[in-house]
Amino acid sequence: MDPILIAVLVLLAVSLIFGALLGFASIKFKVEGNPIVEQIDSLLPQTQCGQCSYPGCRPYAEAIANGEAINKCPPGGESTIAALADLLDVEALPLDAEHGEEQIKSVAYIREDECIGCTKCIQACPVDAILGAAKQMHTVITSECTGCDLCVEPCPVDCIDMIPIETSLVTWTWAQPQPGVQLIATDRGRNLAIETQRHQHQLEDDRNNKGDAA
Amino acid sequence: MSRIWSFHGGIHPPENKRQSLQRPLERAPLPAQLILPLQQHIGAPATPLVEVGDKVLKGQAIAEPTGHVSVYLHAPTSGTVSAIDCYPVPHPSGMDGLCIVIEPDGQEQWIEHQGVDDFRSLEKAELATLIRHAGISGMGGAGFPTEIKLHLSDDHIVNTLIINGVECEPYITADDTLMRERAEDIIGGIEIAAHLIKPTHCLIGIEDNKPEAAMALTRAARNSELDIEVVVVPTKYPSGGEKQLIKLLTGVEVPFGRLPADIGIVVQNVSTMAAIYRAVHHGEPLISRITTLTGDALANPGNVEVLIGTPISELLAYAGADSQRLNRLVMGGPMMGYTLNDPQIPVIKTSNCIIAATAEEFPEAAPAQDCIRCGHCEQVCPVGLLPQQLHWFAKGKEFDKALSHNLMDCIECGACSYVCLSNIPLVQYYRFAKGEIRREQFDQRNAEQARIRFEARQQRLEREKQEKADKRKARAETASRAQTARKALTPADSQPATVDPQAQLKLLKTAAAVARTKLKKADKALVQAQTDGVDDLAELQAAIDGAKAKAEQSQQALEQAEQQNPAPPPTLAELKIAAATARTKVNKTEKALADAETKGVPSADKLRSSLEGLRAKADAAQLALEQAEANTAPPAAAEEMDIKQLKTAASIARTKLKKAQKTLQAAQEAGEDSASLQQQVDQLSQQSDTAQQAFAAAEAAQPKSTGPDLKALKSAAAIARTKIKKTEKALADAQQKGLASATALAAGLEKLKTKAQHAEQALADAKQLANTETVD
């Protein structure tokens, strides 16, 4: 037989086999949905605030997967943009001011004696973090509040405040060091001499006073 | 003698332990005030059990654990609780924490307490509870609740109990002193711990710079039934770290992310053991500890037994601090401790050392230079990390890379910073990066939680929508089924005899109307055909004749039927509807007419004539309605008249009036003839007034049994207030922008204000009324 014909036949057979294999694999190991959307969604802050002009974080994730700009999420801020840029391998843009500015994290607080129990904020809350019923006082479950702001506008008596989350002993973290100022143990230089002197004088005075009294 | 292993890295800083070992252990004087932070341990802060003004006895529990990982707190002396408030606490942040403040009465009166004679007779759980109630948390460093470490679940088999007496940090000698002075206590504590966790062997690790302590412990261990081995390890910082000590004594490394208990090892500090001994054998909770007072600014450095909560300023005064020379106050050692801002900060359960340092002793750090990649930090890291790499990652905020280089394994010992030739504050960078990573992880968890909740809500809304749709569908189905059932029944029942004359009449009416329409259509078709010049005109004509005949027939039948069954007098509602329909028709025609006139369409004349007809009809309908209204018995109706309806009527009248006024204004502005409009407005305003009056009268007539609705008034007032606020905001905004609408807004604001005042007044009145009623 002609060697060229044999070669062609063999190649044909091989390509058929691999084609069948690939076809089988594409059906057998088919990935449901768009996996990149999941990854983008997991990077978004899930406040569901809609400041990006999409009705929630997942729709925005889908939009990003379809080429929407990555800088429309004020609650996520620069860190989210950086993470998205890293994931999608695009350039990190500055936050689009049109959609708001990055703000300090806060939670909603209902001034409860002013609440008239209209349930409008309950309907607005995307994560069901407001507790209450019609004509009953409402309150925010602070641990579930994402600080999305959506409950503030609908309130007819303006009794909802967004209160910034204060740093506590538990949530406090070290700041980035200023090189040259801090070292081990002597981490934050302060001149304590004056303060201590004051305290000691006070103590001595107290002792003297007590002695006099006795 | 068991073998000693070694760990990677480590440093040998100047020990500086000699200064504080010159004097024997002393007891600090009773301070004027004890400040007891509710969080002196890892886990949740304790919950106060006392209130301000309560008298407490020495050893009385003043705060209980919140949850599992939390610790009891006891009064260190007898006295009065003078405050429960926020005070500066020992924490690197320098922030305030909730504290219980006790003013001692000087009596030192103990609460009734009693030790256990034979702890071996106790159940494990009982013994663990005893330790928990004594408020003991790890006294070496972090302050983890001790009883949790000693009362492990059954699947943890502990083979080695390691007692940490290494105390590797410079300056600190508190554990050294304790081991020298109270070796029996420590051994007693070890016996209790060993009874709880049943290890196969117990090891006490001591550095070779504390020979007296090692001797004392060896002597005391000889008297014990247990086989306790005192292992002397070479002096090297940080061999006192938990994982480093485990490596030193057993050669085992604790895997990443696991606890020593997972590999069968429990490590406890010597001070903790002594505290357990006091708690079990004497019933004394943890209310005092040994603390090293040292530093060049102190005239009498040494170790003192201090009550928990003693302000450091008192200890400084006791040790003779030279306030001129004191430059920096450090809690803990110089390697891992932190600067205190305030000498009023109290000693807590984990405070092993206080250094009052002079400026020469702890000088300001030299300016950090660039990393020269000398690699010293890598050589001294006891965990075997790459400090240089971690430094770059932390500085560049590449936290994921730092994480993959095992930043979280860093024990923050400070050895790398100590040897850094460029004076780079490496540990501070790691602490910063760790904090950021923890925060990111926390945010990630929160985001995940929010996502789950959001999705659950979406699902719920979807489900509710579906349920509603299903319900509607079901209702429609039942209705249609009922209809068919009725239809099925009618033929059988509705034989001519029982025919409802009204229904029959209706049917006839419809038939007549249909016939008329058909006739009209046929007419139209004929006209069309004629203009088009179609041949079959005759056929069409015939059809029209047929239709005419039919229409006449049906009309006749209808008339007959009507004569036979005179329609019952129309009800008031029907009349009303008829009148309204007539009015609407008139309106529509008027509009169409105006339109036609402006456009100059020839059909205007026709429209005008039809309008007149319609007007006449409308007038007739109105008349009929008025008559009927006059006829219907007014008393019953008036009494039943719902206030709500009246209210609606009044408000409708008002709205109409407003609209009319607006159109009038528009017309006046446009310079059109507005006389008729003016008339209309007057009429409407009259109507509105009457409606309002009727409403007011009805309201007045209504017995005030229910009283004014306070809640409604309240919300009305609140809404009014908010409106004012919003308008004010808008006004300010408008003024700022120089908008023309500002004046209008200002006027509106005034109006709103009067309204709000009325609302407030009404609310106040109602409240007063309610009050008087309740008084009555």
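For this structure, a couple of remarks:
- When the charge dipole of region A:36-190 is built from unit charges on Cβ atoms (+1 for Lys and Arg, -1 for Asp and Glu) and taken about the Cα centre, the candidate among A:48, A:115, A:69 whose Cα reaches farthest toward its positive end is A:115.
- Mean Cβ count within 10 Å, highest first, over the residues of peptides B:200-211, A:165-176: B:200-211, A:165-176
- Peptide ranges B:471-484, B:440-453, B:334-347, B:315-328 listed from the most packed, as the mean C-beta count within 10 angstrom indicates: B:334-347, B:315-328, B:440-453, B:471-484
- Overall dimensions of region A:85-147 by Cα: Rg and Dmax, Å: 16.9, 51
- Partner shielding of B:352-364 amounts to 2, given as the average count of beta-carbon atoms from other chains within 10 Å of each residue beta-carbon.
- With the charge dipole of region B:350-506 set up from +1 on Lys and Arg Cβ and -1 on Asp and Glu Cβ about the Cα centre, the Cα lying farthest toward the positive end among the listed residues B:442, B:396, B:502 is that of B:502.
- Tensor-based shape of region B:368-431 (alpha-carbon gyration tensor, a/c under 1.5 rounded, otherwise prolate or oblate): oblate
- Sorted by Cβ density within 10 Å, fewest first, the residues B:160, B:292: B:160, B:292
- Shape annotation for region B:166-247: C-alpha extents along the principal axes are 33, 27, 16 Å, from largest to smallest.
- Normalised per residue, the volume of the convex hull around the Cα set of region B:317-468 (Å³): 190
- Loop-located GluC sites (Glu not before Pro) in region B:294-376 (DSSP state not H, G, I, E or B) with no more than 14 neighbouring Cβ atoms inside 10 Å: B:360, B:364.
- Per residue of B:422-432, other chain Cβ atoms within 10 Å of the residue Cβ number 5 on average.
- Expected 222 nm ellipticity per residue - DSSP helices of 4 or more, -39500 (n - 2.57), all of chain B, to 500: -18000 deg cm²/dmol
- Geometric extent, Cα atoms of region B:380-469 - Rg, Dmax (angstrom): 21.2, 75
- Peptide B:679-689, shielding by other chains (average Cβ, 10 Å cutoff): 0
- log₁₀ of I(q)/I(0) at q = 0.04, 0.05, 0.06 Å⁻¹ - the protein assembly as shown, Debye sum with one point per alpha carbon: -0.42, -0.59, -0.74
- Taking 32 Å as the limit for the C-alpha separation, the pairs B:473/B:647; A:120/B:729; A:120/B:659; B:55/B:243; B:659/B:726 exceed it in the case of B:473/B:647; B:55/B:243.
- Alpha-carbon gyration tensor eigenvalues x 5, square-rooted, for chain B, Å: 96, 34, 32
- The share of C-alpha pairs in region B:5-138 whose separation exceeds 27 Å stands at 39 percent.
- Segments B:44-51, A:132-139 sorted - mean Cβ within 10 Å per residue, highest first: B:44-51, A:132-139
- Under the convention that each Lys and Arg Cβ holds +1 and each Asp and Glu Cβ holds -1, the size of the dipole of region B:223-268 around its Cα centre is about 300 debye.
- Base-10 log of normalised Debye intensity for region A:61-171 (one unit scatterer per alpha-carbon) at q = 0.19, 0.20, 0.23 Å⁻¹: -0.96, -1.01, -1.14
- Computed about the Cα centre, the dipole magnitude for the protein assembly as shown is approximately 3280 debye when only Lys and Arg (+1) and Asp and Glu (-1) carry charge, each at its Cβ.
- Cα gyration tensor, region B:274-399 - rounded (a/c under 1.5), prolate or oblate: oblate
Bear in mind that the values in this text are calculations on the coordinates, not laboratory data. Since the structure is predicted, the reported quantities are computational estimates derived from the model, not experimental observations. Glycine gets a Cβ as well: all are built from the backbone with ideal geometry, and neighbour counts include every protein chain shown.
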